[in-house]
Structure formats: structure tokens, C-alpha cells
Amino acid sequence: MNLNLRKAILSNISDNDQSQLEATIVDAIQNGEEKMLPGLGVLFELIWNQSDEQDKQEMLEALEQGVKQAGS
């Protein structure tokens, strides 16, 4: 069985508005379930691809700080 996970995730959220997308992200983070990680990865990929270099730099700085805090 060949399942394209990215395509399935995008299909599931294709009609979502901003509030629905936010609810999806918040729910995935709050539940902390491993099965939600691929979906968050796809969402992050969409954000990254739509961002300019300054936005990417800001995300990387936030990510670096988050990694440092999580490692403490």
C-alpha cells in the first residue's frame, strides 16, 4: 500500500480557514501525540515555503531559543 501522507494531510485541511488551522495546530500541540507530528511537519513546510528570508530567520531564532529551553 502506497500512502502519500503529505497529500492526505493537505487534502484534509484544504478547505480550512485560519481559525480551523489554528485549532488544528493548538490541538496537535496540546495532545502531544506522536501521530500528530507528521501533520505539524506538513504545516511547517507550508509556512516555510511561503515565508521570505526575514521571516525564516525569525523562525530559526525562535526555534533555536525553543530548543535551548527544551534542553534545559
Open item on the list: Given the -39500 (n - 2.57) contribution per DSSP H run of 4+ residues, what per-residue ellipticity at 222 nm results for the chain, rounded to the nearest 500 deg cm²/dmol?
Closed with: -24500 deg cm²/dmol
- [ ] Ratio to report: Rg/Rh of the chain, with Cα atoms as the point set and Rh obtained by the Kirkwood method; give two decimals.
- [x] 1.00
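Could you compute the FRET efficiency for Gln50 and Asn16, with r as their C-beta to C-beta distance and R0 at 22 Å, rounded to 0.05? Let's see the in-between values first.
Working: r = 15 Å, r/R0 = 0.69.
Efficiency for this residue pair is about 0.90.
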TODO: Run down the lysines and flag those whose C-alpha is under 22 Å from the C-alpha of Lys68, throwing out any fewer than 8 positions away in its chain.
DONE: Lys56
Task: Candidate aspartates and glutamates - alpha carbon under 16 Å from Lys35, same-chain residues fewer than 8 apart omitted - done: Asp27
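Every number in this text was worked out from the coordinates using simple rules, so none of it is lab data. Being a predicted model, the structure only gives us computed values, none of them experimental. Glycine also receives a Cβ, built like all others from the backbone with ideal geometry; neighbour counts cover every protein chain displayed.
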